[in-house]
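**Student:** Structure incoming, see below.
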Amino acid sequence: MRIAALVKQIPQFEAMTLGVDGRLVREGLELEMNAYCRRAVAEAVELVREHGGEMVVFTLGPPSADDVLREAIAWADEHGLTPEQARGVHVCDTAFAGSDTLATARALRAALAHEGDFDLVLCGRNSVDADTGQVGPELAELLDMAFITNARHLTVEPAGGGAVHARSEADDGFAQLRTTMPAVVSCAERLIDPCKVDPDRRARVEPDRVVRLAAGALGPGPWGADGSPTSVGRVRVLEHARAQLCTPELPVAEQVAQAVALLRERGAFTAPTEPELPVVPGPHGLWGPAVVVVVEPDRASLTAELLSAAAEIAEQIEGHVVAFGTGGADVDDLGARGADRVVIHDARVEERVAHALRDWSIEHDPWAVLSPSTTWGREVTARAAAQLGAGLTGDAVELEVAADGRLVAWKPAFGGALVAAIRCASAVQMVTVRAGMLAALAPRAFRPESTAVHHYDQSRVEVLARARDDDLDVLADAETVLAVGQGVDPARYDELEPLRRALHAQIGATRKVTDKGWLPRARQIGITGRSVSPRLLVSIGAGGKFNHSVGFRNAAHVLAINPEPKAPIFGFADVGIVAKWDEAIPLLVDAIDELS
């Protein structure tokens, strides 16, 4: 069995800075293998150990990126693979500079073809610097392979017709999937322990085990920026200074009183006055450019946000809004939320929805396509973008129409520490949008035109079961969040209930809490989970590692409770209470109750 593992070298974003041109300064930053790619390498090694064959590790990047290839090879050596079973391919040339996700996927497709056929291509779920999750499904589409995303469990049966079984993590649930090789599989964080090798052992890998491929070896291109349908414009750093008021020398009761007084003064306990939302504009008729909203089943809240945004955009460009939804969609509700026309298709599996969207787009040439930035939405839109050659901006948090009439999508990077303006040069401009970022406007009274399209091609991925264990919108919409760390025993979660009720809060968690299954994965806050922006976040029993704390960077106010005075969490908080949580919370509840 031949397995390709795709890896990416990224800077450690804790130390990032911007240059005078507004772009990230990468020089001098410590570089490392992307966290999810570490799982792809480790899983590839385990599969070769189990079934035999060869692992070839690919990366696209500057000369320094060969370090991640050497790390992957060193890991393979330490886990019993022979030199003949593990080698690296470094796609490296200045011609690749400025590659967006589609240009990256095209270069990797060419590199894979250069090295022969592969049974399995493993990649990370996404890169934590950009967080798009687009390269995997775009590459699968270009390779004409099945795609499984976010594999938490993976079983391969080469002797059984090449069957691949996977349990795939979704945003708030899972899917049990089956396909056959060849296939592309993106790896979830919890699939396997990560590949990690120290620099000395990486340096001992023989140089001849890494082959460098220049652009000339992969064909005429275009490569890099010339072959990229998206481009990065202005970049903003999102600074959120915290007061970091912490007085551990005071008795707990006085710390609590001080914290409540400060947060009250700042308005953390006062719900903002709900503005009267404007009604969705339109209807716009069925002329002018089409702004398409891809409707994910059972995502009513996110669909309403996307349709409201699309209606406002259509107003500016003198266009109209098309809702592209599955059978069973509520046509009247879609019209009330902003759709001037509803197109109903019969596809449900992501690959089939992508092909239906592709075919409709080829015929109707939409101005833009907006899709949810969910596991489902990312695969559908990325596959369609690869076929259309369209620019795709992932995980946008803000949309605007520029003076030249083109769409600008602002997307976060480095865990939300930056936002960048992304533009598409392609005729069709495609964007996935993060939940809870756009306002859902008040519905209008309108019944749209509805048409049906049929798409009969068969998906290569069979869905054996789907289930949800939570609701994606819960944390996105929460005004107050209790972020629970592993310092709180799950058997005692009911003791948090008085504070949750007093603040009308939702419960979030650190990664270690969701790893242990104490709370659903949809409640995970941080770089590998969700970003939240509540009015008030209360951290309880969390140490405060950057990968978690960056997830509440946009919270208006942060209160931290931890018994360790030097816990990093206090550096991310406006006010801290140094105490055991079960001592502080009853006092905190009493103090909050006195405010009402």
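**Student:** Out of all the residues in the range 256-275, which are touching a helix residue (DSSP H, G or I) at 6+ places or on another chain (Cβ under 7 Å) and open to solvent by less than 40 Å² (accessible area, probe 1.4 Å)?
**Tutor:** We begin by selecting, within the range 256-275, every residue touching a helix residue (DSSP H, G or I) at 6+ places or on another chain (Cβ under 7 Å); these are 256-257, 260, 269.
Selection gives Val256, Val260.
**Student:** All but one of (1) within 22 Å of Ala214 (Cβ to Cβ); (2) surrounded by 20 or more Cβ atoms within 10 Å (Cβ to Cβ); (3) among the β-branched types (Val, Ile, Thr) hold for Val156; which doesn't?
**Tutor:** Checking Val156 against (1) within 22 Å of Ala214 (Cβ to Cβ); (2) surrounded by 20 or more Cβ atoms within 10 Å (Cβ to Cβ); (3) among the β-branched types (Val, Ile, Thr), the one that fails is (1).
**Student:** Scan the range 537-557 residue by residue and report those that are outside any loop (DSSP other than H, G, I, E, B), surrounded by fewer than 23 Cβ atoms within 10 Å (Cβ to Cβ) and either of a type outside the set (A, V, I, L, M) or at pLDDT 90 or above (or both).
**Tutor:** Hits for the range 537-557 are Phe546, Asn547, His557.
**Student:** Arg447 fails exactly one of the following numbered conditions: (1) in a loop (DSSP other than H, G, I, E, B); (2) in contact with a Gly (Cβ under 9 Å, 6 or more places away or on another chain); (3) open to solvent by less than 30 Å² (accessible area, probe 1.4 Å). What is the number of that condition?
**Tutor:** (3)
**Student:** Turning to a different aspect of this structure: Suppose we keep only residues that are at pLDDT below 90 and β-branched (Val, Ile, Thr) within the range 385-439. Which one would you say is most open to solvent (accessible area, probe 1.4 Å)?
**Tutor:** My answer is Val397.
Residue-wise test of (1) open to solvent by 30 Å² or more (accessible area, probe 1.4 Å); (2) farther than 16 Å from Thr432 by Cα.
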{"site": "Asp332", "(1), (2)": "yes, yes"}
{"site": "Gly335", "(1), (2)": "no, yes"}
{"site": "Val343", "(1), (2)": "no, yes"}
{"site": "Arg348", "(1), (2)": "yes, yes"}
{"site": "Ala354", "(1), (2)": "no, no"}
{"site": "Ser371", "(1), (2)": "no, no"}
{"site": "Thr375", "(1), (2)": "no, no"}
{"site": "Ala382", "(1), (2)": "no, no"}
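**Student:** Applying the selection to the range 328-362, what residues are free of Cβ contacts under 8 Å to residues at least 40 places away in the same chain and in contact with a strand residue (DSSP E or B) (Cβ under 9 Å, 6 or more places away or on another chain)?
**Tutor:** The answer is Gly328, Ala329.
**Student:** A further question on this structure: Does Leu177 satisfy the criteria of being more than 30 Å from Ala427 (Cα to Cα), open to solvent by less than 40 Å² (accessible area, probe 1.4 Å) and in a strand (DSSP E or B)?
**Tutor:** yes
**Student:** If we keep just the residues of the range 200-240 that are among the β-branched types (Val, Ile, Thr) and open to solvent by 40 Å² or more (accessible area, probe 1.4 Å), which is nearest to Thr132 (Cα to Cα)?
**Tutor:** Val232
**Student:** Here's a follow-up. Taking the range 499-536 as the region of interest, how many residues are farther than 28 Å from Leu262 by Cα, open to solvent by less than 40 Å² (accessible area, probe 1.4 Å) and either in a helix (DSSP H, G or I) or free of Cβ contacts under 8 Å to residues at least 60 places away in the same chain (or both)?
**Tutor:** Selection size over the range 499-536: 5.
**Student:** Does any residue of the range 460-481 turn out to be out of contact with any Asp or Glu (no Cβ under 8 Å at 6 or more places or on another chain), crowded, with 20+ Cβ neighbours inside 10 Å and modelled with pLDDT of 95 or more?
**Tutor:** Within the range 460-481, one or more residues are out of contact with any Asp or Glu (no Cβ under 8 Å at 6 or more places or on another chain), crowded, with 20+ Cβ neighbours inside 10 Å and modelled with pLDDT of 95 or more.
**Student:** Now for a separate question. Going by the structure shown, is Ala560 part of a loop (DSSP other than H, G, I, E, B) and either under 27 Å from Glu249 (Cβ atoms) or open to solvent by 30 Å² or more (accessible area, probe 1.4 Å) (or both)? Walk me through how you get there before you give the answer.
**Tutor:** Working: part of a loop (DSSP other than H, G, I, E, B): no; either under 27 Å from Glu249 (Cβ atoms) or open to solvent by 30 Å² or more (accessible area, probe 1.4 Å) (or both): yes.
No.
**Student:** Something else now. I'd like to verify a number: residues in the range 488-498 that are open to solvent by less than 50 Å² (accessible area, probe 1.4 Å) and in a loop (DSSP other than H, G, I, E, B), how many?
**Tutor:** The qualifying residues number 1.
**Student:** Please find, among Ser308, Ser301, the residue that is open to solvent by 10 Å² or more (accessible area, probe 1.4 Å) and under 13 Å from Val433 (Cβ atoms). Working first, answer last.
**Tutor:** Values: Ser308 fails: open to solvent by 10 Å² or more (accessible area, probe 1.4 Å).
Unique residue meeting the criteria: Ser301.
**Student:** From Gln134, Gln85, grab the single residue that is open to solvent by less than 10 Å² (accessible area, probe 1.4 Å) and either modelled with pLDDT of 95 or more or under 26 Å from the mean Cα position of the chain (by Cα) (or both).
**Tutor:** Being open to solvent by less than 10 Å² (accessible area, probe 1.4 Å) and either modelled with pLDDT of 95 or more or under 26 Å from the mean Cα position of the chain (by Cα) (or both) holds for just one of Gln134, Gln85, which is Gln134.
**Student:** From the list Asp489, Asp470, pick out the single residue that is charged (D, E, K, R) and in contact (Cβ under 8 Å) with a residue 40 or more places away in the chain.
**Tutor:** It is Asp470.
**Student:** Can you name every residue in the range 46-86 that is in contact (Cβ under 8 Å) with a residue 40 or more places away in the chain, over 30 Å from Gly98 (Cα atoms), in contact with a strand residue (DSSP E or B) (Cβ under 9 Å, 6 or more places away or on another chain) and not in a helix (DSSP H, G or I)?
**Tutor:** Gly53, Glu54
The values are calculated or read from the model by the stated rules, or taken from the named source; none is laboratory data. Small disclaimer: the values here were computed from a predicted structure and weren't measured. All Cβ positions, even for glycine, are placed from backbone atoms using ideal geometry, and neighbour counts span all protein chains on display. For accessibility, only protein heavy atoms count, side chains too; no ligands or nucleic acids. Shrake-Rupley method; radii C 1.70, N 1.55, O 1.52, S 1.80 Å.
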